[in-house]
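Undergrad: Structure provided below as structure tokens; questions to follow.
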Amino acid sequence: MSKIVLKAGREKSLQRHHPWVFSGAIERVEGHPASGETVEIRSAQGGFLGWGAYSPESQISARVWDWREGVRIDREFFANRVRRAVAHREELLAAGATPAARLVHGEADGLPGVVIDRFADWIVVQLTSAGAWRWRDDIASVVTEVTGLPHVFERSDADVLALEGLAPRVAALAGSEPPKAIGIEEHGLKFEVDPRHGHKTGFYLDQRDNRARLRALSHGREVLDCFCYTGGFTVSALAGGAAKVTSIDSSGDAIAAARRHVRQNGFQEERSELLEGDVFALLRKFRDQARKFDLIVLDPPKFAPTAAHAEKAARAYKDINLWALKLLRPGGMLFTFSCSGGVPRELFQKIVAGAATDAGVDVRVLQHLGASIDHPVVLNFPEGEYLKGLICQA
Ligand code: SAH
């Protein structure tokens, strides 16, 4: 068994069960582990720290599978982890009976680099670490066994793959090729998921609970949904009785999908205005036109994938929040989000506070938002908390 020995004093984060070993913390690698191979991780004093997967190309040289010396990393290990994760989701989501959920959420389910989503009768996996790639076939067979669903599609094409030296891989892993559109329901609303070309694994499951929150506050309101993608927030606001929803996305395909979703859910098209365009430009245009809204959603793409992009991202977040706040009627609400791993919650809140000051609006935070309940965060792994949001009232 190959071994990673850490520099003196660098064992502390692992002892707190933070699952990543950075290259700078390593004193030496013993043996010649292949990409993704299981390695033993030891402190400078020789103490056992964990079993991890070796990622030779990455700054994160190893990710821990387990902290217990007596555990074997084999197919059964993956079967147990997936079984446990799926059982948790059954408890969590039983009430909503939603057929669209995240079954495995990486580190938070003890499976770094492994994301498994369910869309109706289809499973979509995203494997983003060398270790996850090593166990691909076992993960696929385990998930069909645990869920009883035969079709598994792989969507390993996230940007982070490049950091691991892995090429994108999008292909059927088990069962048949998925259809172009998989029909799902979220809180009784119908959506279509494109497992090949949709963002992430096809749909933003992480915003499910926040879309329900918006729905509950939408009655009679004029809503602006910025960065609407396929209309998740738009349709939720219409379902909540919004008087009118204006939605913006720069992707024509996303706007077309949002239009289909508005229709499929039976809403009158007069209540929905769908605009293909740039949010930065349209917010300014609305300001010039003196347009006002009661509820505004800002759910932009990841402006800062890592902390290195935080400064540039901060300017972009401030810009859209400032202009959005200027468009709110007194008493109106802003649902504002950041899904940038490189922007921690406190910084995001500071950016929004700065935007409010510059907009000349006194803002109260009504609620802090995060990802849906099937996207847990490990307390000792703050990097896992990528999605943060605020409901602000002007
Ligand atoms: N709220 C959505 C997810 C948003 S994803 C949901 O719940 O499903 C972010 C979206 O922002 C993408 O659809 C992308 O096309 C769009 N986008 C990126 N930059 C943009 C810009 N400058 N103006 C408008 N839309 C943009």
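Computed from the coordinates by the stated procedures, all read-outs in this text should not be read as laboratory data. The structure displayed is predicted, hence computed values, not measured ones. As a convention, Cβ positions derive from the backbone with ideal geometry for all residues, glycine included, and neighbour counts pool all protein chains shown.
Undergrad: Most fluctuating residue of Lys285, Lys302, Lys318 in a GNM of the chain with Cα springs under 10 Å: which is it?
TA: Of the options given, Lys285 has the highest mean-square fluctuation.
Undergrad: Still on this model: For the range 75-182, what does the convex hull of the Cα positions come to per residue, in cubic angstrom?
TA: 96 Å³
Undergrad: Next question. Determine ³J(HN,Hα), in whole Hz, for all residues of the range 360-365 in sequence, where each value follows from phi through the Karplus function 6.51 cos²θ - 1.76 cosθ + 1.60 and θ = phi - 60°; x replaces Gly and Pro.
TA: Those phi angles translate into x, 10, 7, 10, 10, 8 Hz.
Undergrad: In degrees, nearest 10, range 0 to 90: what is the angle between the Cα axis of helix 75-93 and the longest Cα principal axis of the chain?
TA: Roughly 30 degrees, rounded to the nearest 10.
Undergrad: Tell me the Kirkwood radius of the chain: reciprocal of the mean inverse pair distance over distinct alpha-carbon atoms, in Å.
TA: Working: mean 1/r = 0.0450 Å⁻¹.
About 22.2 Å for the chain.
Undergrad: Assign unit charges at the C-beta atoms only (+1 for Lys and Arg, -1 for Asp and Glu), then state the dipole size of the chain relative to its Cα centre in Debye, rounded to the nearest 20.
TA: 900 debye
Undergrad: Run lengths n ≥ 4 of DSSP H only: what is the helix-derived mean residue ellipticity at 222 nm for the chain, with -39500 (n - 2.57) per run over all residues, to the nearest 500?
TA: Mean residue ellipticity at 222 nm (helix-derived): -9000 deg cm²/dmol.
Undergrad: Which one of Ala313, Ala237, Ala258 has the biggest mean-square fluctuation once the chain is modelled by GNM with Cα springs under 10 Å?
TA: Ala313
Undergrad: Also: Quick one: of Lys200/Lys302; Lys285/Lys326; Lys285/Lys350, which pairs are farther than 18 Å apart, Cα to Cα?
TA: Correct reply: Lys285/Lys350.
Undergrad: Rounded to whole Å and sorted largest first, what semi-axes of the equivalent ellipsoid does the C-alpha gyration tensor of the range 3-66 yield via the square root of 5 times each eigenvalue?
TA: After diagonalising the Cα gyration tensor, the semi-axes are 16, 12, 11 Å.
Undergrad: Then there is this: To one decimal place, what Kirkwood hydrodynamic radius in Å is obtained for the range 203-281 from all pairs of distinct Cα atoms?
TA: Working: mean 1/r = 0.0825 Å⁻¹.
Kirkwood hydrodynamic radius for the range 203-281: 12.1 Å.
Undergrad: A further question on this structure: Which value, in debye to the nearest 20, describes the size of the charge dipole of the range 1-50 about its Cα centre when Lys and Arg Cβ atoms bear +1, Asp and Glu Cβ atoms bear -1, and nothing else is charged?
TA: 220 debye
Undergrad: Could you tell me the extents of the range 263-359's C-alpha atoms along the three principal axes, largest first, rounded to whole Å?
TA: Taking max minus min along each principal axis of the Cα atoms, the range 263-359 gives 44, 31, 23 Å.
Undergrad: A follow-up question, please. For Gly332, which sequence-distant residues (separation of 5 or more, or a different chain) have an amide H within less than 5 Å of its own amide H, given hydrogens modelled in the peptide plane?
TA: Distant-sequence amide H within range of Gly332: Ala394.
Undergrad: While we're looking at this one, here's another question. Output the 0 to 90 degree angle, nearest 10, between the alpha-carbon long axis of helix 252-264 and the longest principal axis computed from the alpha carbons of the chain.
TA: Computed tilt is about 70 degrees.
Undergrad: Considering all projection directions equally, how large on average is the shadow of the alpha-carbon convex hull of the range 78-132, in square nanometres?
TA: 3.6 nm²
Undergrad: Could I ask something else about it? To check you understand DSSP bridge types, tell me what percent of the beta bridges within the chain (both residues inside) are antiparallel, rounded to 5.
TA: Here the antiparallel bridges make up roughly 65 percent for the chain.
Undergrad: Now a separate question. From the gyration tensor of the Cα coordinates in the range 204-393, what semi-axes in whole Å does the equivalent ellipsoid have, largest first, with each one equal to sqrt(5λ)? If you can, show how the numbers build up before the last one.
TA: Working: eigenvalues 120, 75, 49 Å².
Largest first, the range 204-393 gives 25, 19, 16 Å.
Undergrad: Can you give the relative contact order of the range 1-159 as a percent, counting alpha carbon pairs under 8 Å and 6+ residues apart? Write down the numbers at each step before the final one.
TA: Working: 307 pairs, mean separation 29.0, N = 159.
With pairs under 8 Å counted, the relative contact order is 18 percent.
Undergrad: Going highest first, how would you order 172-178, 227-233 by mean Cβ packing within 10 Å?
TA: Order by mean packing, descending: 227-233, 172-178.
Undergrad: For the range 325-338, in order, what is each residue's ³J(HN,Hα) by Karplus, 6.51 cos²θ - 1.76 cosθ + 1.60 with θ = phi - 60°, in whole Hz (x at glycine and Pro)?
TA: 4, 5, 8, 7, 6, x, x, x, 10, 10, 9, 10, 10, 9
Undergrad: What list of ³J(HN,Hα) couplings, whole Hz, do you get for the range 379-384 from phi and the Karplus terms 6.51, -1.76, 1.60, once you set θ to phi - 60° and write x for glycine and proline?
TA: 4, 8, 9, x, 4, x
Undergrad: When you count, for each residue, the other Cβ atoms within 10 Å and take the mean per peptide, how do 291-299, 2-10 rank with the highest first?
TA: Packing proxy ranking, top to bottom: 291-299, 2-10.
Undergrad: In the chain, if the dipole is taken from +1 on Lys/Arg beta carbons and -1 on Asp/Glu beta carbons about the Cα centre, which of Pro150, Ala356, Thr230 is farthest to the positive end?
TA: Selected residue: Ala356.
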